[in-house]
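Enquirer: I have a structure here, written as structure tokens, and I will follow up with some questions on it.
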Amino acid sequence: AINATLYKKLGYDLVKDFAPIALLISSPYILTVHPSVPARTVKELVALARARPGELNYASSGSTSYLAVELFSTMAGLKMNHVPYKSGAPATVAIISGQVEVALASASASMPHVKSGRLRGLAISCAQRSPQAPELPTISEAGVSGYDVSTWHGLVAPAGTSREIITRLNTEAVTLLKLPDVQERYRAVDSDTLGSTPDEFGAHIKSEIKKWARVVNDSGAIAD
């Protein structure tokens, strides 16, 4: 959904070239800060960043984590410096060591360090609190109303696939997502099983393209 705007020559159309089957899982991000940062809540971080515009550094390890912070900054009315890393591991090392002060990284990468005290978790990025970290408020409820970001995975088929096949695949996928062992495997990697109808997934794709198009355009990001 991000790539639909990020790449000017993507080579395919996410809406026209695929038939949605089901939205499968989502994985939230955790807004974290280095323990030296004098902010224990989202509101305190926003106030600190506003008071020190351009002084706080945040790590990213790809387009999603970068644009997720850009959306947060835009909605909260603040400015932080972007420090890009090639992958999640060096970005995590950077914030743990204090090279950067802020990161919005995957729950699977962040939570072990939050629990150990090497990072301070402020909030979770999705619209509802996560069962894996119920003590963390959402960014939306913590002060940046309406913020909702997560990495999601879905199942699609080529455009033109018969409705009968789409319906059968959807039924099978949703049934599997309800199995306790499947749900437990995803919880182990800080992901939530979802399930949807094909039409609901199609609407979700369109809404995500629209949301991220605004962020990409506002940030000036481009990948080709």
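Enquirer: Looking at the range 104-114, can you tell me whether even one residue there is within 22 Å of Ala51 (Cβ to Cβ), modelled with pLDDT of 95 or more and surrounded by 21 or more Cβ atoms within 10 Å (Cβ to Cβ)?
Expert: So the first thing to find is which residues in the range 104-114 are within 22 Å of Ala51 (Cβ to Cβ), and the list is 104.
In the following step, the residues that additionally are modelled with pLDDT of 95 or more were identified as none.
No, that holds for no residue.
Conditions tested, residue by residue: (1) in contact with a strand residue (DSSP E or B) (Cβ under 6 Å, 6 or more places away or on another chain); (2) of a type in the set (Ser, Thr, Tyr); (3) within 20 Å of Val144 (Cβ to Cβ).
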{"position": "Asn3", "(1), (2), (3)": "no, no, no"}
{"position": "Asp17", "(1), (2), (3)": "no, no, no"}
{"position": "Pro53", "(1), (2), (3)": "no, no, yes"}
{"position": "Val83", "(1), (2), (3)": "yes, no, no"}
{"position": "Gly88", "(1), (2), (3)": "no, no, no"}
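Enquirer: Could you say whether any residue in the range 206-222 is more than 15 Å from the chain's Cα centre (by Cα), without any contact (Cβ under 8 Å) to a residue 60 or more places away in the chain, outside any helix (DSSP H, G or I) and surrounded by fewer than 17 Cβ atoms within 10 Å (Cβ to Cβ)?
Expert: yes
Enquirer: Another one. Has the range 147-163 got at least one residue that is open to solvent by 30 Å² or more (accessible area, probe 1.4 Å), farther than 24 Å from Leu10 by Cβ, of a type in the set (Lys, Arg) and out of contact with any Ser or Thr (no Cβ under 6 Å at 6 or more places or on another chain)?
Expert: Yes, the range 147-163 has at least one match.
Enquirer: Looking at (1) surrounded by 22 or more Cβ atoms within 10 Å (Cβ to Cβ); (2) over 15 Å from the mean Cα position of the chain (by Cα), which is the one condition that is false for Pro131?
Expert: In the conditions (1) surrounded by 22 or more Cβ atoms within 10 Å (Cβ to Cβ); (2) over 15 Å from the mean Cα position of the chain (by Cα), Pro131 misses (1) alone.
Enquirer: With the structure loaded, tell me whether Ala1 is touching a Phe, Trp or Tyr at 6+ places or on another chain (Cβ under 9 Å), under 18 Å from Cys126 (Cα atoms) and small (Gly, Ala, Ser) or whether it fails that test.
Expert: yes
Enquirer: Test of understanding: among Ser36, Ser61, Ser108, Ser26, which residue is of a type in the set (S, T, N, Q), touching a residue at least 40 places away in the same chain (Cβ under 8 Å) and more than 26 Å from Ser191 (Cα to Cα)?
Expert: Ser36
Enquirer: Report whether or not Val100 is surrounded by fewer than 20 Cβ atoms within 10 Å (Cβ to Cβ) and of a type in the set (A, V, I, L, M, F, W, C).
Expert: no
Enquirer: From the list Gly54, Gly11, which one is modelled with pLDDT under 95, more than 30 Å from Ala157 (Cα to Cα) and part of a loop (DSSP other than H, G, I, E, B)?
Expert: Gly54
Enquirer: May I pose another question? Answer yes if at least one residue in the range 73-85 is open to solvent by less than 40 Å² (accessible area, probe 1.4 Å) and of a type in the set (Ser, Thr, Tyr), and no otherwise.
Expert: yes
Enquirer: For the range 167-180, check the following and say yes or no: at least one residue is out of contact with any Lys or Arg (no Cβ under 6 Å at 6 or more places or on another chain), surrounded by fewer than 16 Cβ atoms within 10 Å (Cβ to Cβ) and over 29 Å from Val15 (Cβ atoms). Let's see the steps before the verdict.
Expert: Keep residues of the range 167-180 that are out of contact with any Lys or Arg (no Cβ under 6 Å at 6 or more places or on another chain), which gives 167-180.
Restricting the remaining residues to those that are surrounded by fewer than 16 Cβ atoms within 10 Å (Cβ to Cβ) gives 167-168, 171-172, 175-176, 178-180.
After this cut, where a residue has to be over 29 Å from Val15 (Cβ atoms) as well, the list is 179-180.
Looking through the range 167-180, at least one residue is out of contact with any Lys or Arg (no Cβ under 6 Å at 6 or more places or on another chain), surrounded by fewer than 16 Cβ atoms within 10 Å (Cβ to Cβ) and over 29 Å from Val15 (Cβ atoms).
The values are calculated or read from the model by the stated rules, or taken from the named source; none is laboratory data. All of these numbers come straight from a predicted model, not from anything done at the bench. Every residue, glycine as well, gets a Cβ built from its backbone with ideal geometry; the counts of neighbours run over all protein chains shown. To get the accessible areas, we keep the full protein, side chains included, count just its heavy atoms, and leave off ligands, DNA and RNA. Shrake-Rupley method; radii C 1.70, N 1.55, O 1.52, S 1.80 Å.
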